[in-house]
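Participant: Take this structure first; my questions come after.
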Amino acid sequence: MYDQYSMDDTTRKEEPQWHAFLEKELNRQQYEFATAEDRALLGLAGPGSGKTRALVYRAANLIKCGIRPDQLLLLTFTNKAAGEMKERLERLLGFLPGDLWAGTFHSIGARILRRHASLLGRSANFSIFDEDDSRALLKQILSSLDVDSQDRKLLMQRGFLGRVISQARNSDLKIKDLMEEEYPYRLEFLGLIEETIVLYEQRKQESNAFDFDDLLLCWLKLFEQHPEIRDRYQQRFLHLLVDEFQDTNIIQARIVDLFGNASSVCVVGDDAQSIYAFRYAHIGNILSFPEKYESCRLVRMEQNYRSTPQIVELANASISHNREQLPKKLFSKKPVGEKPLVAKVSDSRQEASFVLQCIWELQNNGIPLDEIAVLYRSSYLTPELEFALSRKGISYRTYGGVKFFQKAHIRDLLAYLRIVHNPGDENAWRRIAVLQKGFGNATFEKLWSGLKKQVNPLDAAIAGGIRPARGKNGWEALCITLTAIAERKEEAVSSLIDIILENNYDDILRQNYPDQYEERLQGIERLAIYAERFDSLDSFLESLVLEESVFADTASAPEAFGGQLTLSTIHSAKGKEWDTVFIIGMNQGHFPSQRTAGNSLDEERRLFYVAATRARNYLYMSTYREDFRQYGSVSEGPSLFLRELPSSCYKLMDYDYGSSYY
């Protein structure tokens with residue numbers, strides 16, 4: 001493949017020495033990948049196998065063999081990854097070629113569009129709208145269409161309208177098909193959304209702007225509608241190299257295919273780590289790659305340099321259950337380590353005790369906090385652990401979510417309770433009032449000016465003597481809820497939380513978080529479980545104030561316990577690694593979630609695979625005997641992902657320390 005390119009005498013003399021260097025630096029599979037001369041090449045690279053290293057060495061090898069740097073195009077997914085690839089390439093070559101194109105799909109798309117903007121109705125100095133810009137423009141358009149304020153609020157809430165538009169474009173679906181499949185509860189807005197999209201495209205063009213999605217979509221459109229432009233780039237970029245191919249969406253795969261008709265296409269990735277379907281990643285891109293490209297060479301990079309053989313064995317056993325995959329089997333040459341541990345605990349409170357006990361033992365063995373991570377499928381699984389960490393003064397940082405007490409729906413629930421406890425709490429009143437239909441800050445200010453003059457604002461609100469000029473239905477629903485809480489405020493706090501949900505807040509939760517309703521509801525149920533240990537509303541609310549102050553103190557003192565513990569969703573942990581990893585909440589219904597079925601079960605198993613392979617030396621997993629949901633004890637048993645593992649690849653432990661440890 002390289003014979004068509006001239007090599008000077010220096011390059012020819014260096015070639016044997018260079019290949020000897022490659023053989024020394026790379027294992028057999030990495031070397032095969034870096035030096036392959038096939039027009040289509042897939043590097044199937046497991047976790048910890050050095051895939052980015054292999055890709056960089058391939059780019060360096062192409063240059064060493066006479067390919068000009070400006071004939072290479074390297075595509076990644078993050079600016080950080082692109083920067084790391086350039087740095088590694090510079091270290092290998094001794095210089096960074098200035099004419100090398102290497103960057104994210106979106107940055108390369110912007111670069112190409114600036115050269116040909118006029119063909120798409122823009123000038124080269126076009127603006128790129130970020131998410132806030134797009135949201136502001138959509139809001140302006142809805143205002144111009146004389147949309148009811150409540151409907152406008154629903155469409156804009158938590159970026160719903162922008163998300164629907166982006167999802168349809170990146171998935172190559174019609175808005176109608178997407179709405180029917182994913183958002184049937186908002187189908188009444190279909191016509192309005194379609195009208196908004198037309199105006200949105202017009203306004204972008206009038207503003208000489210593209211949004212973030214356009215950088216891919218218009219790149220593809222440019223190549224499809226202007227073959228002379230496509231041919232020019234095909235002739236220039238003789239080698240296309242793509243990292244993390246399992247994370248590409250349909251649009252990105254089509255762009256790669258357009259190059260593949262004339263260029264050499266090399267992609268690297270791992271179908272077993274495809275976990276971003278919610279970001280429109282399409283696993284079929286990597287699964288179909290060997291069939292799509294004639295005479296594609298598939299190189300399996302299976303040596304794991306990160307984890308012990310025991311952790312690798314467990315990961316292999318788990319992922320083998322997936323139906324559609326490009327099979328591979330990881331192996332590790334690291335020294336033999338301990339088997340992963342599965343701890344059976346009674347409930348989430350005892351799970352927290354187990355984690356703290358293990359952390360104490362790990363630290364005694366010299367493992368610092370910043371080398372320990374607790375991973376979970378969803379952030380609602382963390383409150384008991386967060387409570388326990390705060391009591392011990394152990395500093396932690398969270399990824400993929402905010403700390404439990406900072407979550408909006410938890411603060412909403414607490415605001416209802418704070419009003420019953422202290423009717424003069426203006427902040428609590430404001431928080432829940434503006435949640436009601438027809439309410440805004442201006443309406444609240446007028447209402448509060450009357451309520452605050454009363455001896456007991458809660459009694460005055462319940463009596464009905466003071467009513468708002470607007471939002472009367474919402475105010476009435478709120479007062480009914482507060483009346484029910486006040487009448488039973490001597491009962492268990494968990495019962496009061498149940499009352500709030502049944503009377504008023506459940507509908508608000510569904511409206512405000514349609515795509516996260518179940519997860520947030522489970523977080524509220526966790527709060528109710530925690531509340532059961534208190535004998536009064538007063539003591540419960542006081543404990544929460546103290547918990548928050550402890551969080552603030554520990555966050556500012558990370559050195560006390562040797563850094564900070566990491567709490568992270570598994571999605572946010574991809575690409576990272578720690579000496580020790582805990583995976584909590586390994587129960588059916590939590591991981592995999594209740595809604596999982598079919599292909600999504602395979603993705604959930606891939607998520608478990610990613611979590612397990614973040615650990616270098618120690619892997620701990622915990623499952624409950626009792627799981628509380630809907631304010632009752634429900635036991636669906638251990639996660640399927642634990643039950644399908646051979647018992648030989650883990651140790652089973654009945655943890656019986658109780659909750660006394662913390």
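The values are calculated or read from the model by the stated rules, or taken from the named source; none is laboratory data. Bear in mind the structure is a predicted one, so any value in this text is a computation, not a measurement. Don't worry about glycine lacking a Cβ; one is built from the backbone with ideal geometry, like all the others, and counts go over all protein chains shown. To get the accessible areas, we keep the full protein, side chains included, count just its heavy atoms, and leave off ligands, DNA and RNA. Shrake-Rupley method; radii C 1.70, N 1.55, O 1.52, S 1.80 Å.
Participant: Tell me which of Pro227, Leu192, Val265 sits at the most positive position along the dipole axis of region 167-287, charges placed on C-beta atoms (Lys, Arg +1; Asp, Glu -1).
Facilitator: Pro227
Participant: Any idea what the relative contact order of region 1-152 is, in percent, if you count C-alpha pairs under 8 Å spaced at least 6 apart?
Facilitator: Dividing the mean separation by the residue count of region 1-152 yields 17 percent.
Participant: Taking 2.2 N^0.38 Å as the expected size of a compact globular protein, what ratio does the Cα radius of gyration of region 154-214 give against it, to two decimals? Mind showing how you got there, number by number?
Facilitator: Numbers: Rg = 11.6 Å, N = 61, 2.2 N^0.38 = 10.5 Å.
Output field value: 1.11.
Participant: Could I ask something else about it? With no solvent and one equal point scatterer placed on each C-alpha of region 187-273, evaluate the Debye formula and give log10 I(q)/I(0) for q = 0.10, 0.23, 0.25, 0.26 Å⁻¹, two decimals.
Facilitator: For region 187-273, the Cα-only Debye profile gives -0.38, -1.11, -1.20, -1.25.
Participant: So, R0 is 25 Å and r is the distance between the beta-carbons of Asp538 and Glu626; what FRET efficiency does that work out to, to 0.05? The partial results should precede the final answer.
Facilitator: On the way: r = 28 Å, r/R0 = 1.12.
My answer for the efficiency is 0.35.
Participant: Taking a ≥ b ≥ c as the square roots of the eigenvalues of the Cα gyration tensor of region 256-309, is the shape rounded (a/c under 1.5), prolate (a/b larger than b/c) or oblate?
Facilitator: It is oblate, given that a/c is not under 1.5 and a/b is not larger than b/c.
Participant: Starting from the 7 Å offset along Cα-to-Cβ, what nm value, one decimal, do you get for the label separation of Asp130 and Lys333?
Facilitator: 4.6
Participant: Beyond a 29 Å Cα-Cα separation, which of these cross-linked pairs lie in this structure: Lys174/Lys576; Lys334/Lys651; Lys407/Lys576; Lys64/Lys333?
Facilitator: Details: Lys174/Lys576 36 Å; Lys334/Lys651 20 Å; Lys407/Lys576 25 Å; Lys64/Lys333 31 Å.
Pairs exceeding the cut-off: Lys174/Lys576; Lys64/Lys333.
Participant: Quick check: net charge around Val242, other residues with Cβ under 12 Å of its Cβ, Lys/Arg +1 and Asp/Glu -1? Intermediate values should be presented prior to the final figure.
Facilitator: Values: positive: Lys51, Arg58; negative: Asp243, Glu244, Asp247, Asp257.
So the environment of Val242 carries a net charge of -2.
Participant: May I ask for the Kirkwood hydrodynamic radius of region 222-380, worked out over all distinct Cα pairs and given in angstroms to one decimal?
Facilitator: For region 222-380, inverting the mean 1/r across all distinct Cα pairs yields 19.6 Å.
Participant: For the chain, compute the orientation-averaged projected area of the C-alpha convex hull (one quarter of its surface), in nm².
Facilitator: Approximately 32.4 nm², given one-decimal rounding.
Participant: Calculate I(q)/I(0) for region 290-421 by the Debye formula, one identical point scatterer on each C-alpha and no solvent, and give its log10 at q = 0.18, 0.20 Å⁻¹ to two decimals.
Facilitator: -1.18, -1.29
Participant: Could you give the dipole magnitude of the chain about its Cα centre, charging the beta-carbon of Lys and Arg +1 and that of Asp and Glu -1, in debye to the nearest 20?
Facilitator: Values: 82 positive and 93 negative charges, 197 e Å.
Approximately 940 debye in magnitude.
Participant: While we're on this one: What relative contact order, as a whole-number percentage, does the chain give when Cα pairs under 8 Å and 6 or more residues apart are counted? Don't skip to the end; give the middle numbers.
Facilitator: Numbers: 1040 pairs, mean separation 115.5, N = 662.
Computed over the chain, the figure is 17 percent.
Participant: To the nearest 10 degrees, how steeply does helix 131-144 sit against the main Cα axis of the chain, on a 0 to 90 scale?
Facilitator: Relative to the chain, helix 131-144 is tipped by roughly 60 degrees.
Participant: Follow-up question, since we're still on this one. Order 292-301, 264-273 from most to least packed using the mean count of other Cβ atoms within 10 Å. Display every interim value, and only then the final one.
Facilitator: Details: 292-301: 16.5, 264-273: 25.0.
The peptides rank, most packed first, as 264-273, 292-301.
Participant: With the calculation restricted to Cα positions, what are the radius of gyration and Dmax of region 73-186 in angstrom?
Facilitator: When restricted to the Cα atoms of region 73-186, Rg and Dmax are 19.6, 62 Å.
Participant: Tell me, what is the percent relative contact order of region 424-485, built from C-alpha pairs under 8 Å that lie six or more residues apart? Present the calculation step by step, with values, prior to reporting the outcome.
Facilitator: Working: 52 pairs, mean separation 22.5, N = 62.
Rounded, it is 36 percent for region 424-485.
Participant: Still on this structure, I have one more. Kindly list the residues of region 511-541 that lie in the label zone of Ser346, defined by a backbone N under 20 Å from the point 7 Å along the Cα-to-C-beta vector.
Facilitator: 526-535
Participant: Let me ask something else about it. Compute the distance from the alpha-carbon center of region 319-367 to that of region 84-154, in whole Å.
Facilitator: Between the Cα centres of region 319-367 and region 84-154 lies a distance of 40 Å.
Participant: Still on this model: Rg and Dmax in Å for region 154-298, alpha carbons only: what are they?
Facilitator: 17.5, 51
Participant: Taking only protein heavy atoms and a 1.4 Å probe, what accessible area per residue, in Å², does the chain have with all protein chains in place?
Facilitator: 43
Participant: Of Leu567, Leu385, His116, which is farthest towards the positive pole of the chain's charge dipole, taken about the Cα centre with +1 and -1 on the beta-carbons of Lys, Arg and Asp, Glu respectively?
Facilitator: Comparing the listed Cα positions along the dipole, His116 ranks first.
Participant: Now, a different point. Taking θ as phi - 60°, what are the ³J(HN,Hα) couplings along region 175-190 by the Karplus curve (6.51, -1.76, 1.60), each to the nearest whole Hz, with x for Gly and Pro?
Facilitator: Rounded to whole hertz, the list is 4, 4, 5, 5, 5, 5, 7, 9, 10, x, 6, 10, 5, 4, 9, 4.
Participant: Going highest first, how would you order 363-372, 233-242 by mean Cβ packing within 10 Å? Numbers along the way, then the final one.
Facilitator: Working: 363-372: 15.9, 233-242: 19.4.
Listed from highest to lowest mean packing, they are 233-242, 363-372.
Participant: What's the angle, to the nearest 10 degrees (0 to 90), between helix 599-612's Cα axis and the longest principal axis of the chain?
Facilitator: Helix 599-612 sits roughly 80 degrees off the main axis of the chain.
Participant: Within a Cβ distance under 14 Å of Ile251, other residues only, what is the Lys/Arg minus Asp/Glu net charge?
Facilitator: -3
Participant: Based on the mean of other beta carbon atoms within 10 Å per residue, what is the order of 20-27, 456-463, most packed first?
Facilitator: Descending mean neighbour count gives 456-463, 20-27.
Participant: If you find the alpha carbon centre of region 498-514 and of region 206-279, how far apart are they in angstrom?
Facilitator: Centre-to-centre distance over Cα atoms comes out at 43 Å.
Participant: Could you give the angle, 0 to 90 degrees to the nearest 10, between helix 441-451's Cα long axis and the longest principal axis of the Cα atoms of the chain?
Facilitator: Taking the Cα atoms of the chain, the angle to 441-451 is about 20 degrees.
Participant: Turning to a different aspect of this structure: Carbon-plus-sulfur fraction of the accessible area of the chain, 1.4 Å probe, in percent?
Facilitator: 46
Participant: Moving on to the next point. Let me make sure I get this right: for region 229-286, a, b and c are the square roots of the gyration tensor eigenvalues over alpha carbons, sorted descending. Under 1.5 in a/c it's rounded, otherwise prolate if a/b > b/c, else oblate. Which is it?
Facilitator: In terms of gyration-tensor shape, prolate.
Participant: With the crude spin-label approximation of a point 7 Å out along Cα→Cβ, what separation in nm comes out for Leu298 versus Leu93?
Facilitator: My value for the distance between the label points is 3.2 nm.
Participant: Less than 10 Å Cβ to Cβ from Arg377, Lys/Arg counted +1 and Asp/Glu -1: what total charge do the surrounding residues give?
Facilitator: -2
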